[in-house]
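The values are calculated or read from the model by the stated rules, or taken from the named source; none is laboratory data. Bear in mind that the values here come from a model prediction, so they are computed numbers and not experimental data. For neighbour counting, all protein chains shown are included, and Cβ atoms are generated from backbone atoms with ideal geometry for every residue, glycine included. What goes into the accessible areas is simple: the full protein's heavy atoms, side chains included, and nothing from ligands, DNA or RNA. Shrake-Rupley method; radii C 1.70, N 1.55, O 1.52, S 1.80 Å.
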Amino acid sequence: MFNDIGPLELVTIIVLAVLVFGPDKLPKVIQDVMRTIRKIREFSESAKEDIRQELGPEFKDFELEDLNPKTFIRKHLDSDELGLKEIRNGFDLKKEMAEVTDAVHSRESDASPSSSGSGSSGSGRIDMSKKPEDPGTDDRPPYDADAT
């Protein structure tokens, strides 16, 4: 919670506390704050224990931190039951992307001389270049009653 407080910030907080509360009341304020923190911790621990008792013995190893979706997913994906580590190690993203780019570049180099200015070639190849289609002058887009 306070991991990012540096020494300068800590000194500033102490100086402000002395100025606001005074050196006479500061020890009492610190005791009150520590007592409140202890009560909050005890309350949260008793609430956790009550939840565990209500859930029953089959949930004795249940942790409330597991209710966080990130923690839950990380815990279950890191287990070796599903074999995801082998899948993750066997999949080389750089190699796959290189194969895809090579395939795309070779298709472009093959398709560019054969098309010779025509929109689509009759050889059965699909033109994958992004060309805007020219809609007819009187063509209207389809009417969508749900969108209006």
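Taking θ as phi - 60° and the Karplus parameters 6.51, -1.76 and 1.60, the scalar couplings of the stretch 44-49 work out to 5, 5, 5, 5, 4, 5 Hz in sequence order, x denoting glycine and proline.
Taking all protein chains as shown and a probe of 1.4 angstrom, V104 keeps an accessible surface of around 70 Å².
Note on surface exposure: K75, K60 rank K60, K75 by accessible area, highest first, 1.4 Å probe.
For chymotrypsin sites (Phe, Trp or Tyr not before Pro), the sites in the stretch 1-63 that DSSP calls loop and that have at most 12 other Cβ atoms within 10 Å are F2.
For the stretch 1-53, what class follows from the C-alpha gyration tensor (a ≥ b ≥ c being the square roots of its eigenvalues): rounded when a/c is under 1.5, otherwise prolate if a/b is larger than b/c, else oblate? Judged from the Cα gyration tensor, the stretch 1-53 comes out oblate (a/c at least 1.5, b/c at or above a/b). Rounded to the nearest Hz, the phi-derived 3J(HN,Hα) couplings of the stretch 16-33 under the Karplus curve 6.51 cos²θ - 1.76 cosθ + 1.60 (θ = phi - 60°) are 5, 5, 5, 5, 6, 8, x, x, 6, 8, 4, x, 5, 5, 5, 5, 5, 5, where x marks glycine and proline.
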